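Undergrad: Once you've had a glance at the structure underneath, I'll fire off some questions.
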Amino acid sequence: MSQRSSYTEGTPCWVDLLTTDVDAAKAFYAKLFSWSFDDMPNPGGGVYSMALFNGETVAAVAPQSPEMVEHQVPPMWNTYIAVNDVDATAAKVLAAGGQSMMEPFDVTEAGRMAWVADPTGGAVGLWQAGRHIGATLVNEPNALVWNELVSSDLETALPFYEAVLGITAREMPMGEDTYLVLHVGEGMVGGAMTPQAAGEPNHWRVWFAVDDTDEAVATATSAGGALLFGPLDMPVGRFAVLADPQGAAFTVIKMNPAP
């Protein structure tokens, strides 16, 4: 399903970019993904720029907090996972070995959220929808298509997500290799793998669908971005890992037609 009006608990539902240069980032992603932006004032100051494609909400771009700037936290894409009751879910985090990074709080009438980290340090948002359910368009070019947990210790990280969010992992053949696919019930909601590059932190990786991976790479690099890996073919499609001009990494993929 491409258009969404709700998300099952445990499903990644939203991504946003926290960056050091909002205007430059918006210009880059507008060129790469043909996004337009709706700037929404934050109650605490600044703006939260909702990225739109074909009239649907697909992501957001926002400035880093002063504390992030002070500590030189690199710009990054963030993943949010849908929950039915953020307070009840956040209450499970410590017992499951995780950390509470930001206690539950209301985001005006949009929803209620918390920030947590799994036992290996991978940070993720918990989102209880109000007026904002998350992305209203997914699984199409220029929109979110996949979220992937990258952790150096999946044996420790994965039980956390099962205990807190009901997410389970199953092996899936991927060419000559196997890949861990995350499920809620029988539905696939994401993937998991160990870091592929030296020094890569534990985090949630964001994938966007494109019409043509090689064309996307050319557009990104001409707009000041960088190619970090690929392009490379795999059974589900052709992908590449990119970084925007401020250094935030993300993956693009041209999906193969379903068999």
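Undergrad: Loop only by DSSP, 14 or fewer other Cβ within 10 Å of the Cβ. Give me the GluC sites (Glu not before Pro) in segment 159-259 that pass, ordered by residue number. Could the numbers behind the result be given before it?
TA: On the way: sites: GLU162, GLU171, GLU176, GLU186, GLU215; in loops: GLU176, GLU186.
Sites meeting the loop and neighbour criteria: GLU176, GLU186.
Undergrad: In what sequence do ARG131, ARG205 fall when counting other Cβ within 10 Å, fewest first?
TA: Numbers: ARG131 9, ARG205 22.
By the 10 Å Cβ count, ascending: ARG131, ARG205.
Undergrad: On the Cα set of segment 1-42, report Rg and Dmax in Å, please.
TA: Values for segment 1-42 (Cα only, Rg and Dmax): 13.4, 34 Å.
Undergrad: Moving to a separate point now. Which of HIS71, HIS203, HIS183, HIS132 has the fewest other C-beta atoms within 10 Å, and how do the rest follow up to the most?
TA: Least crowded to most crowded, the residues run HIS71, HIS183, HIS132, HIS203.
Undergrad: Counting just the Cα atoms, what span does segment 144-255 cover along each of its three principal axes? Round to the nearest Å and put the largest first.
TA: Ordered largest first, segment 144-255 gives principal extents of 44, 27, 24 Å.
Undergrad: Please report the base-10 log of the normalised intensity I(q)/I(0) for the chain, using a Debye sum with one equal scatterer per alpha carbon and no solvent, at each q in 0.08, 0.13, 0.14 (1/Å).
TA: The calculated log intensity ratios at q = 0.08, 0.13, 0.14 Å⁻¹ are -0.29, -0.82, -0.98.
Throughout, read-outs are computed from the coordinates displayed, never taken from laboratory work. As the structure is a prediction and not an experimental result, all values here were calculated from the model. Cβ sites come from the backbone with ideal geometry, for glycine too, and all protein chains shown count toward neighbours.
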